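Novice: Before I ask anything, let me first share the structure, which is written out below as structure tokens.
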Amino acid sequence: MSEKVKRNCLECSTKLNGRKDQKFCGDHCRNSYNNRLNEDSNNYMRRINNILRKNRRILDTLNPSGKKTVDALSLAEEGFNFHYFTNLYQTKKGDTYYFCYDRGYIKLEDNKFMLVHKQEYVR
């Protein structure tokens, strides 16, 4: 004779009556459980995304037309964080452009940076 296993919602402990693989009593409990489970990684990713968005806004504000040279002090005064970018593009000459989404920059001589908008050929 097989005994019935008592199952409870993983979030609120309400008794479950339904499918054998049911884990939650409803969508609210499922969402609450998963949000709590992923809270640490979500906060970390949210912080990084905020830095990236801020970097992109700064690049866009300083370079509305597509190409402009600025000094490092201008970027620093706006709060630009050089440690965070979404991707790199290396030219055939070996120069490296750093991008925050579709706005980028390359370091030049004398603490200057050329700001650019991403072109279609840059993937």
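The values are calculated or read from the model by the stated rules, or taken from the named source; none is laboratory data. Note that the coordinates shown come from a computational prediction; the quantities given were computed from them, not determined experimentally. Every residue, glycine as well, gets a Cβ built from its backbone with ideal geometry; the counts of neighbours run over all protein chains shown.
Novice: Do we find a residue being touching a residue at least 12 places away in the same chain (Cβ under 8 Å) and aromatic (F, W, Y) anywhere in the range 31-46?
Specialist: Looking for residues that are touching a residue at least 12 places away in the same chain (Cβ under 8 Å) and aromatic (F, W, Y), one finds at least one in the range 31-46, hence yes.
Novice: Does I106 satisfy the criteria of being closer than 22 Å to E120 by Cα and either over 16 Å from the mean Cα position of the chain (by Cα) or hydrophobic (A, V, I, L, M, F, W, C) (or both)?
Specialist: On the way: closer than 22 Å to E120 by Cα: yes; either over 16 Å from the mean Cα position of the chain (by Cα) or hydrophobic (A, V, I, L, M, F, W, C) (or both): yes.
Here the answer is yes, as I106 does meet what is asked.
Novice: Being under 12 Å from R103 (Cβ atoms), in a loop (DSSP other than H, G, I, E, B) and at pLDDT 95 or above is the filter here; which residues of the range 54-90 pass it?
Specialist: Passing the criteria: N63, F80, F85, T86.
Novice: Quick check: anything in the range 16-23 basic (K, R) and loosely packed, with under 10 Cβ neighbours inside 10 Å? Step through it out loud before you land on a result.
Specialist: First, the residues of the range 16-23 that are basic (K, R): 19-20, 23.
Add one more test, that the residue is loosely packed, with under 10 Cβ neighbours inside 10 Å, and what stays is 19-20.
Yes, that holds for at least one residue.
Novice: Right, next: Go over the candidates L108, L75 one by one and state the one that is surrounded by 11 or more Cβ atoms within 10 Å (Cβ to Cβ) and closer than 23 Å to R47 by Cα.
Specialist: Only one candidate qualifies: L75.
Novice: Among the residues of the range 16-46, count how many are of a type outside the set (S, T, N, Q) and part of a helix (DSSP H, G or I).
Specialist: Residues of the range 16-46 that are of a type outside the set (S, T, N, Q), as a first pass: 16, 18-21, 23-30, 33, 36-37, 39-40, 44-46.
Pick out the ones that are also part of a helix (DSSP H, G or I) and you get 27-30, 33, 36-37, 39-40, 44-46.
Number satisfying all stated conditions: 12.
Novice: Among what's in the range 24-38 and is out of contact with any helix residue (DSSP H, G or I) (no Cβ under 9 Å at 6 or more places or on another chain) and of a type in the set (A, V, I, L, M, F, W, C), pick the residue that is surrounded by the most Cβ atoms within 10 Å (Cβ to Cβ). Before the answer, list the steps.
Specialist: The first filter runs over the range 24-38 and keeps only residues out of contact with any helix residue (DSSP H, G or I) (no Cβ under 9 Å at 6 or more places or on another chain), leaving 25-34, 36-38.
Filter once more, so that each one left must be of a type in the set (A, V, I, L, M, F, W, C): 25, 29, 37.
Numbers: C25: 19, C29: 17, L37: 11.
Within the range 24-38, the match that is surrounded by the most Cβ atoms within 10 Å (Cβ to Cβ) is C25.
Novice: What number goes with the only condition from (1) at pLDDT below 95; (2) surrounded by 14 or more Cβ atoms within 10 Å (Cβ to Cβ) that I51 does not pass?
Specialist: Single failed check for I51: (1).
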